[in-house]
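Laboratory data are not the source of any read-out in this text; all were calculated from the coordinates shown. Please read all numbers here as calculations on a predicted model, not as lab measurements. Cβ atoms come from the backbone with ideal geometry, glycine included; neighbour counts cover every protein chain shown.
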Amino acid sequence: MSERIDVNEIWDEVKKAAGKAEKKTNELIDRSKIKISIMNVNSEIKQKYQKLGEIVYYNKNNKIDDEDIIRICIAELDGLHIKLENLKKKANEAAKLKTCPNCGTANGKDASYCSKCGSEF
């Protein structure tokens, strides 16, 4: 006696598998976009530090006392560092990791304590 194949059951299983694959693919794409944004912000920070160094060098070398431009550069860097931290938190959330509120370290989703500083979640 041969087993009867139910095409509808097979089709339902195929749709479930495709839905899971789509969800995982979208999660991977989202995490990749965040990683690219992190790389871009890190690059921007590096450029701002270089520019700040050039300004400080030029001002010191030419005996110019212009602290305003330095304050502006520092404020821009502070904003970029905040943006970077927010992106890192977003990346941890997308990867389903817990971020330690004390030290900022990413920990596994089931962690009760931070692996770096020992703070309790």
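Suppose we keep only residues that are touching a strand residue (DSSP E or B) at 6+ places or on another chain (Cβ under 6 Å) and in a helix (DSSP H, G or I) within region 57-97. Which one would you say is surrounded by the fewest Cβ atoms within 10 Å (Cβ to Cβ)? Talk me through it step by step, then tell me what you get.
Our first condition is that a residue be touching a strand residue (DSSP E or B) at 6+ places or on another chain (Cβ under 6 Å); within region 57-97, this holds for 89, 92, 97.
Then drop every residue that is not in a helix (DSSP H, G or I), which leaves 89, 92.
Numbers: K89: 15, N92: 19.
That would be K89.
Can you confirm whether L28 is out of contact with any His (no Cβ under 6 Å at 6 or more places or on another chain) and touching a residue at least 12 places away in the same chain (Cβ under 8 Å)?
no
Out of all the residues in region 16-28, is one or more surrounded by 14 or more Cβ atoms within 10 Å (Cβ to Cβ) and under 26 Å from K89 (Cβ atoms)?
no
Provide a single number: the residues in region 104-121 that are surrounded by 13 or more Cβ atoms within 10 Å (Cβ to Cβ) and under 16 Å from the mean Cα position of the chain (by Cα).
The qualifying residues number 4.
Report, by residue number, each residue of region 61-118 that is more than 24 Å from S37 (Cβ to Cβ) and either hydroxyl-bearing (S, T, Y) or in contact with a His (Cβ under 6 Å, 6 or more places away or on another chain) (or both).
If the condition is that a residue be more than 24 Å from S37 (Cβ to Cβ) and either hydroxyl-bearing (S, T, Y) or in contact with a His (Cβ under 6 Å, 6 or more places away or on another chain) (or both), then S112, Y113, S115 are the ones that fit.
Conditions tested, residue by residue: (1) over 30 Å from I29 (Cβ atoms); (2) of a type outside the set (S, T, Y).
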| residue | (1), (2) |
| --- | --- |
| L52 | yes, yes |
| Y58 | yes, no |
| N61 | yes, yes |
| D68 | yes, yes |
| A75 | yes, yes |
| N107 | no, yes |
| A111 | no, yes |
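Looking at S43, is it within 18 Å of A95 (Cβ to Cβ) and assigned to a helix (DSSP H, G or I)?
Details: within 18 Å of A95 (Cβ to Cβ): no; assigned to a helix (DSSP H, G or I): yes.
Answer is no for this residue.
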